[in-house]
Amino acid sequence: MVYLSFLSNALKIFHDTVLVLEREDGTVCELYDMMFTLKTKLQQRQSDGFFGAQTGVLLQQFPDRQAAVLREDMCNFYQSSLTYLEQRYDFSDSNYQKKVASLALKSPFNFSHLCEAVEVLQLSKKLDMDALYDEYCVILPHQQAIVQSGAPVVEKWATLLKHTHTPNMTALASFLLSVPITNASVERVFSLMTGCWTDTRNRCSVNLIKSEIQVKSNFTFSCKDFYTYVVKEKVLLNAVRSNKKYKFKKKPEGKKTSYVRPHLSKMKFD
């Protein structure tokens, strides 16, 4: 019971981290802080000898010597977890994810943070750094208000760059926010593909499956809300009713079929 109680408490730390990592709005700017938070929680629990409140109550029921052995086992669990984590994630200052963490808009960033991000993302040849500084000065007065909002990082950047002519800043943010932090999005696409491309629909075209996946990935409406939205889109409804979506009903461009009626005088009858 002691071990089960301990695992129930300790594994929740990992479970919560996985849920955060698999969010659809997660960004690479937040990844380092997520992993560092997980590491800090494990280190603090190991240092304090905290194994969960319920586990602590159960440990009091054992003789001191046996309780000490149990505590040592649980501390070893923390140590093994930390060792595994540090072997598979780079917590050093050279990790590019740490260098872009300041752009998560949890606190105001300065121009040196932008320069650092441009360098690690290897965008210096694609951006005008002088223009980037001018654009930084444009958004500087608005940073504090954006930082204080509780919106996701993507929405914060969208609000910050809205109604501003900041092409270099927009290019940097777009590149940064497009970097996936896990393979969850890829797995989600394959899961949707499996549901769309079944044995009974194996003659569907690639473009049809692609379109279905795009709709399911980009729309968050319920069935009722999606119906309400679609019935108002006349252009879309006309496209659905037309034959343009069927390849076998399309005639190749430049090749018009024509029928030439033969003249009776040129016809031969045997």
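The values are calculated or read from the model by the stated rules, or taken from the named source; none is laboratory data. Please read these numbers as outputs of a predicted model, since none were measured by experiment. Virtual Cβ from ideal backbone geometry, glycine too; neighbours counted across all protein chains shown.
Overview of results
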| item | result |
| --- | --- |
| Selection within region 86-133 - without any contact (Cβ under 8 Å) to a residue 24 or more places away in the chain and touching an Asp or Glu at 6+ places or on another chain (Cβ under 6 Å) | Lys99 |
| Check on Ala117, surrounded by 17 or more Cβ atoms within 10 Å (Cβ to Cβ) and either modelled with pLDDT of 90 or more or in a loop (DSSP other than H, G, I, E, B) (or both) | yes |
| Residue match in region 62-77 (condition: at pLDDT below 95 and not in a helix (DSSP H, G or I)) | yes |
| Residue among Ala101, Ala131 that alone is small (Gly, Ala, Ser), within 22 Å of Asp25 (Cβ to Cβ) and either buried (at least 17 other Cβ atoms within 10 Å of the Cβ) or not assigned by TED's automatic domain parsing to the domain that holds Val28 (or both) | Ala101 |
| Matching helices (runs of 4 or more DSSP H) fully within region 137-240 where at least 2 residues are outside the structural domain of Asn110 (by TED's automatic domain parsing), at pLDDT below 90 and farther than 26 Å from Val18 by Cα | 206-218, 223-230 |
| Flag for Leu7 being at pLDDT below 95, part of a helix (DSSP H, G or I) and over 24 Å from Thr220 (Cβ atoms) | yes |
| Region 10-25, residues that are closer than 21 Å to Arg188 by Cα, among the charged types (D, E, K, R) and in a helix (DSSP H, G or I) | Asp16 |
